[in-house]
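The values are calculated or read from the model by the stated rules, or taken from the named source; none is laboratory data. Please read these numbers as outputs of a predicted model, since none were measured by experiment. Cβ sites come from the backbone with ideal geometry, for glycine too, and all protein chains shown count toward neighbours.
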Amino acid sequence: MTKRVRLTDERIRQLKFPSSSKSNQFFLWDSEMKRLAVRITMAGVKSFIFESKLDRVTIRWTIGNVLNWTLEDARKESRRLQTLVDKGIDPREQDRQKKAEKAEIVAALEANQKYTLKVLLETYTDYLDDRDKVKSAKAARSVIKVHILEADPILAGKPANKVSADEIFSLIQKAREAGKERTAGVLRSTINAAYNCARKRFDTAIPSEFKNFNIENNPVDPISTIPIKAGNRTLSKDELKSYIKALGDTTLDMALKLALYSGGQRMAMILRAEITDWNEDTKILRLLDPKGKRRTPREHLLPLGPVASFVVGELVKRAKAKDTVLLFPSRTNRSPIHDSMLGPRVTEIAAAMGVDQFDLRDIRRTVETMLAGMNVSRDIRAQLLSHGLSGVQSVHYDRYDYLKEKHEALIKWEVYIKPKTTLSG
């Protein structure tokens, strides 16, 4: 029969491990709270323990070290545990459930700290890079750095799924009120696209990294879009001739020539061209257009006229001499020159011409405007300049290559601007 005594602080303090004990622990049971005991080990460690039975199974539970628990608190805890047992609840199972719930809460908090707005936007820009949307990724990183990370680092470090529409609107409004309307539009569209990617949790085409953010709602949805004002600068025919005359035979100027003679192509597409993209026999230049929502870049074939063909032929010779596959290699010959280098060159030419400033977009707009004036149809211009080709008809049904029509348009274009068939233009 278990011997019981009324536990007191003094008895607990004086308790020694009995030398006659055949076990490595000894229990001194309380006569006041019969489910409570003080356990002492051979090492002299003393703890309050609770012991009872549930469905004929012995339940033993360590309440805590006597240094951390008062006798009064230990008796209260013992009564609480016995109440659970009387209700058919195993305190051990209840404790396991509480620990599991706590672990889930801690994990959720840690996940929230890991999957912040900053990380979401970084994941999105990396996604753009993976899809060869290098220019879009660069523009997105620029506005993110200035108008989110630097403007509001606290918000940038907030869990992405806790960011509100008001917080996002405040950032966008701040940029717009500073007179940066286009930047505000890019900022909104970037954040919106990042959240939309994360929200598509059941889209197998979206990288699994986005799903970790647990995004249910897009905080950008209530925020109105910011229309980007269309440019209207076009060069006159005399200005275009002066521009052509200013172009030399440097790598940058050769890129500008090819973009112009090939019908106003996007510079990013031109700069990615390699030797193998040129077919000397057919005089067809193959470009890759990743613009829009395409999963893979669209092949864009250009049957060039004689002047543009001459330019490409010279570029191929230079590339082979430098032992590179790139038509527009950087100094290392391992990567193409960056399209950001072309803008300053165009600005320099415009300043030297003494006319209103113009940029690459203005030149592209000029080309299409002049082609329209030459009675080149809207559909052929779209094929030639590779825009507006992401609809259902173009993507799924129209497989005609339009090579004949594009070639005729490019021949007419070269005749219209009357370039000289020399490298200097």
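Among Arg334, Arg365, Arg381, which is the only one that is touching a strand residue (DSSP E or B) at 6+ places or on another chain (Cβ under 9 Å) and more than 15 Å from Ala268 (Cα to Cα)? I'd like the intermediate steps shown before the answer.
On the way: Arg365 fails: touching a strand residue (DSSP E or B) at 6+ places or on another chain (Cβ under 9 Å); Arg381 fails: touching a strand residue (DSSP E or B) at 6+ places or on another chain (Cβ under 9 Å).
Going through Arg334, Arg365, Arg381 in turn, just one is touching a strand residue (DSSP E or B) at 6+ places or on another chain (Cβ under 9 Å) and more than 15 Å from Ala268 (Cα to Cα): Arg334.
Run down Leu28, Leu120, Leu71, Leu36 and say which single residue is in contact (Cβ under 8 Å) with a residue 60 or more places away in the chain, of a type outside the set (D, E, K, R), farther than 30 Å from Ala160 by Cβ and surrounded by 12 or more Cβ atoms within 10 Å (Cβ to Cβ).
On the way: Leu28 fails: in contact (Cβ under 8 Å) with a residue 60 or more places away in the chain; Leu120 fails: farther than 30 Å from Ala160 by Cβ; Leu36 fails: in contact (Cβ under 8 Å) with a residue 60 or more places away in the chain.
One residue alone meets the criteria, Leu71.
Looking only at residues in the range 123-149 that are surrounded by fewer than 21 Cβ atoms within 10 Å (Cβ to Cβ) and small (Gly, Ala, Ser), which one is nearest to Lys174 (Cα to Cα)?
Ranking the candidates gives Ser142 first.
Looking at Thr282, Thr276, Thr250, can you tell me which residue is among the β-branched types (Val, Ile, Thr) and closer than 17 Å to Arg298 by Cα? Even if it seems obvious, please write down each step before you answer.
Values: Thr282 fails: closer than 17 Å to Arg298 by Cα; Thr250 fails: closer than 17 Å to Arg298 by Cα.
Sole residue among the options that is among the β-branched types (Val, Ile, Thr) and closer than 17 Å to Arg298 by Cα: Thr276.
Return the only residue of Ala193, Ala165, Ala198 being modelled with pLDDT of 90 or more, of a type in the set (A, V, I, L, M), outside the structural domain of Asp289 (by TED's automatic domain parsing) and over 18 Å from the mean Cα position of the chain (by Cα).
On the way: Ala193 fails: over 18 Å from the mean Cα position of the chain (by Cα); Ala198 fails: over 18 Å from the mean Cα position of the chain (by Cα).
Every option except Ala165 fails the conditions.
Residues that are aromatic (Phe, Trp, Tyr), at least 1 per element: which helices (runs of 4 or more DSSP H) completely within the range 183-290 meet that?
Details: elements: 237-246, 251-261, 267-271.
Because the criterion is at least 1 residues that are aromatic (Phe, Trp, Tyr), the helices (runs of 4 or more DSSP H) in the range 183-290 that meet it are 237-246, 251-261.
Specify which of the listed residues (Ala205, Ala198) is closer than 30 Å to Asp289 by Cα, touching a Phe, Trp or Tyr at 6+ places or on another chain (Cβ under 7 Å) and of a type in the set (A, V, I, L, M, F, W, C).
Working: Ala205 fails: touching a Phe, Trp or Tyr at 6+ places or on another chain (Cβ under 7 Å).
Testing whether each residue is closer than 30 Å to Asp289 by Cα, touching a Phe, Trp or Tyr at 6+ places or on another chain (Cβ under 7 Å) and of a type in the set (A, V, I, L, M, F, W, C) leaves just Ala198.
Just need a number here: residues in the range 299-328 that are assigned to a strand (DSSP E or B) and in contact (Cβ under 8 Å) with a residue 60 or more places away in the chain.
Initially, the range 299-328 is screened for residues assigned to a strand (DSSP E or B), giving 299-303, 326.
This time we only want the ones that are in contact (Cβ under 8 Å) with a residue 60 or more places away in the chain, so: 300-303.
Adding up the residues that qualify gives 4.
Could we say that Ile63 is surrounded by fewer than 14 Cβ atoms within 10 Å (Cβ to Cβ) and either under 18 Å from Lys3 (Cβ atoms) or of a type in the set (A, V, I, L, M) (or both) here? Spell out how you get there, then give the answer.
Values: surrounded by fewer than 14 Cβ atoms within 10 Å (Cβ to Cβ): no; either under 18 Å from Lys3 (Cβ atoms) or of a type in the set (A, V, I, L, M) (or both): yes.
It is false that Ile63 is surrounded by fewer than 14 Cβ atoms within 10 Å (Cβ to Cβ) and either under 18 Å from Lys3 (Cβ atoms) or of a type in the set (A, V, I, L, M) (or both).
Collect the residues in the range 75-128 that are small (Gly, Ala, Ser) and at pLDDT below 85, keeping them in residue-number order. Walk me through it before giving the result.
Start the filter on the range 75-128 by keeping residues that are small (Gly, Ala, Ser), which leaves 78, 88, 100, 103, 107-108, 111.
Result: Ala103, Ala107, Ala108, Ala111.
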